[in-house]
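> To start, I am sharing the structure in question, which I have written as structure tokens.
Computed from the coordinates by the stated procedures, all read-outs in this text should not be read as laboratory data. Predicted model only: the values in this text are computed from it and were never measured. Cβ placement follows ideal geometry from the backbone for every residue including glycine, while neighbour counts extend to all protein chains displayed.
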């Protein structure tokens, strides 16, 4: 008695995230997006995204950026009170040091964006060491600049197009008789570069023949890369692919 398998034709869910936290889809309406993500602009049109750490409290903005020094930094960067806003993706490493201050959305003139970016990067302050929550920072460039923190948004990498594999026959060969059929899941981890290229595929299941075929197919596929606050980043996703199985009995040979 032996088991045979046939790969089904559809790729199932990409699951794992490189950012911990409960799952909550990103809001769709401009007003809701501005309240949570600090801008009504949708930076991830057409993608399935979520709010990162939706229930974690945000820190006091003064513990993230030196609000008292910001007017001087803006003046040094020759940034006037332009009346618009700039939203930044802010990250800190585990030691509490700033590791990202990237402008991701703004209504200020293009000529002022570099100056605001330099001012914000200069004004970020160290935080206590440990696990750091991703966040956004909004700077409103009015006569007395105001500052507000918001949540970050993450979009998993997505296979493009849907992963498909050749489907072998499930008919009985001469001398065989099928006694049962079923479905099992083949599980993989896929490392996807910020360009969408597949870097590695790791097998997590135990059907050797199907694993090899699907692993080779996945290595050739192109993905939409993960988006972290609209920025393309490397990621690791978990992939489950359904495979049809059957158990056959083969007649004893001479």
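> Once you have the Cα-Cα distance between residue 76 and residue 204, take 0.36 nm times their residue separation minus that, and quote the gain in nm to one decimal. Spell out each step's value before the answer.
Values: separation 128, 0.36 × 128 = 46.08 nm, distance 5.43 nm.
Between residue 76 and residue 204, full extension yields an extra 40.6 nm.
> When you count, for each residue, the other Cβ atoms within 10 Å and take the mean per peptide, how do 150-160, 49-59 rank with the highest first?
Result, highest mean Cβ count within 10 Å first: 150-160, 49-59.
> Go ahead and run the numbers for FRET between residue 102 and residue 184, Cβ-Cβ distance against an R0 of 41 Å, rounding to 0.05.
Rounded to the nearest 0.05, the efficiency is 0.45.
> Using Cα-Cα distances under 8 Å and only pairs 6 or more residues apart, what relative contact order does the stretch 38-157 have, in percent?
Averaging sequence separation for qualifying contacts and normalising by length gives 38 percent for the stretch 38-157.
> Still on this structure, please answer the following. So how compact is the stretch 30-154: Cα radius of gyration and Dmax in angstrom?
Every Cα atom of the stretch 30-154 included, Rg and Dmax give 14.1, 40 Å.
> To the nearest 0.05, what FRET efficiency results for residue 195 and residue 125 with a Förster distance of 25 Å applied to their C-beta separation? Don't skip to the end; give the middle numbers.
Details: r = 33 Å, r/R0 = 1.34.
It comes to 0.15.
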